[in-house]
Structure formats: C-alpha cells, structure tokens
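Here is the structure we will look at.
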Amino acid sequence: MLNQQKADEELISVYGKVIALIILLIVLFYLAFNYFGSIKQLSRPSMQVEHTRLLNVLGVARSQWLMRSKPEILILDWYSDSPKHATSTGQVRMAAGGWPVPNETSVAGCRLLLMELLGPGYAQQIETRFNPDTGVCRFIGESGESISYQTTSGRVIFLTQGG
C-alpha cells in the first residue's frame with residue numbers, strides 16, 4: 001500500500017508539473033503573439049506620428065519663410081543623421097499666408113509636396129489623393145488613418161479610420 005501511495009504522489013507531482021508547463025506555454029504564446037503583432041503595427045508608417053512630424057516641419061518651414069523675408073519659393077535646408085545625405089535641400093512654393101502649397105493642384109503635386117516636407121520614403125508608403133473642389137491633399141496610411149492638408153489655409157487635420 002505504501003508503494004501505491006508513493007506512486008500516486010509521484011503521478012500527482014508529474015501532473016502538476018505538466019499543468020504548470022502548459023500554463024507557462026500558454027502565457028508565452030500569448031506574449032509572443034502580442035509582441036509580434038505590435039512589431040507588425042510598428043513597421044507600418046504611423047499616421048499619427050507623421051501628423052505630428054508634419055506639424056513640426058510646417059512650423060519650421062514657416063519660421064524659415066519669415067526669416068528669409070517671405071519668399072515665394074522657399075529653399076528648405078534639412079539636416080539628416082545619415083552620413084550619406086548630410087544635408088538635403090528641397091524647395092516648396094509658399095502661400096502668401098506662410099504655408100507650403102503644391103506646385104500643381106493634383107495628386108502628383110500633393111505627393112511631391114509631401115516628399116519635400118517629410119522625405120521621399122513616405123510618399124511611396126502613403127496613398128495620396130487630391131480634391132480639386134476643396135483644395136485638400138489627403139494622405140492615407142495602410143491602417144486607414146489619414147492626414148488632410150488644406151492647401152488654401154495650411155490647416156492639417158488627422159483623421160482616424162472612422163473619419
């Protein structure tokens with residue numbers, strides 16, 4: 001009888017270890033799934049981050065425009081961390097109120113404006129639309145979020161998927 005009790009105790013101990021291992025594996029799978037899901041989200045261009053970046057760039061462009069006596073065409077001097085492109089310059093046409101406007105009122109003009117302001121990598125990853133009736137450039141990310149840039153006023157609006 002003593003051997004039977006000892007065998008039962010060992011069996012219960014093994015079952016306990018197996019159950020603990022299963023619970024540990026479930027927790028690890030859950031954490032790994034969430035981790036790799038967040039990496040996929042981070043790899044996409046975040047339109048909310050780009051919205052903030054665009055607002056900052058527009059502020060800098062306006063400051064440069066004011067410091068240079070309000071030229072019609074503003075030469076942008078951007079500095080990069082990349083040693084290959086230590087400095088890169090672009091130019092944008094400026095409205096009388098001090099915000100950049102596309103050279104042409106079309107999707108291509110909006111895309112070129114975005115490329116001049118944020119860099120060439122973003123224009124390829126973001127869908128661009130232009131509404132000629134309202135003069136609005138709309139930049140749409142993969143997640144459905146978008147940034148609307150009103151070329152008539154320089155206003156920037158961030159819209160989530162439902163917007």
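Sequentially through the range 51-62, phi angles give Karplus couplings (6.51, -1.76, 1.60; θ = phi - 60°) of 4, 4, 4, 4, 4, 5, 5, 5, x, 5, 4, 5 Hz, Gly and Pro residues having no value and appearing as x.
If you take the beta carbon distance between Val156 and Ile26 as r and set R0 to 45 Å, what does 1/(1 + (r/R0)^6) give as a FRET efficiency, to the nearest 0.05?
Numbers: r = 45 Å, r/R0 = 0.99.
Efficiency, rounded to the nearest 0.05: 0.50.
Just so you know, all these numbers are worked out from the coordinates, no wet-lab data involved. Quick caveat, the model's predicted, so the values are computed rather than measured. Positions of Cβ are backbone-derived with ideal geometry, glycine not excepted, and every protein chain shown enters the neighbour counts.
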